[in-house]
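Undergrad: This is the structure I have questions about; it appears just below.
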Amino acid sequence: MINKKEIEKLAFLARIRLDKSESKDIAEDLESILKYVQKISKVHTSDVEPLFHFPELRNVVRKDEAKTIDRDTQKEMMGMGKDKDDYLKVESIL
C-alpha cells in the first residue's frame, strides 16, 4: 500500500499541490497501476522473441539547390543592407 508520505514525495517531485481528497485518489490510482504491473510481470516471456519495429526513416527536407535570381529581386536585395562576403547583412532582431 502506498502511504501518505510517498504521495507527498511524488507530489513534491512532480511540483504539484494535492489536497487530501486528491492524495487519496492518487494513492488509489497508483495502487491499481502497481497491481497491474505485478500481474503483467508474472507473464512467462522467456520463449517469446522480442519484437522490433523501426519505422522507415527518410529525410523530408528538400535538397539545398543554388538558384539564380532575376534583376528585380537582386535590386530589392541590394536595398536590404550591406553585403559581406556574398551574404546580406541585416540588423539584429534579438
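What follows draws every value from the coordinates through simple rules; no lab data is involved. Owing to the predicted nature of the structure, the values given are computational and were not obtained by experimental measurement. Note: ideal-geometry Cβ built from the backbone for every residue, glycine included; neighbour counts use all protein chains shown.
Undergrad: Put +1 on the Cβ of each Lys and Arg and -1 on the Cβ of each Asp and Glu in the chain; which of Ser32, Thr73, Tyr87 then has its Cα farthest toward the positive end of the dipole?
TA: Value computed over the given set: Ser32.
Undergrad: At 222 nm, what helix-only mean residue ellipticity would the chain give, in deg cm²/dmol to the nearest 500, using -39500 (n - 2.57) for each DSSP H run of four or more?
TA: Computed mean residue ellipticity for the chain: -14000 deg cm²/dmol.
Undergrad: Right, here's the next one. Contact order normalised by length for the chain, with contacts defined as Cα pairs under 8 Å and 6 or more residues apart; what percent is it?
TA: Relative contact order for the chain comes out at 16 percent.
Undergrad: Over 24 Å between C-alpha atoms is what I'm after, so list which of Lys5/Lys35; Lys20/Lys42; Lys67/Lys89; Lys5/Lys42 land there.
TA: Beyond 24 Å between Cα atoms: Lys20/Lys42; Lys5/Lys42.
Undergrad: Assign unit charges at the C-beta atoms only (+1 for Lys and Arg, -1 for Asp and Glu), then state the dipole size of the chain relative to its Cα centre in Debye, rounded to the nearest 20.
TA: 340
Undergrad: What ratio of Cα Rg to 2.2 N^0.38 Å holds for the chain?
TA: Expressed relative to 2.2 N^0.38 Å, the Cα Rg reads 2.44.
Undergrad: Could you give the distance between the Cα centres of segment 1-17 and segment 21-94, to the whole Å?
TA: If we compute the Cα centre of each part, the gap is 31 Å.
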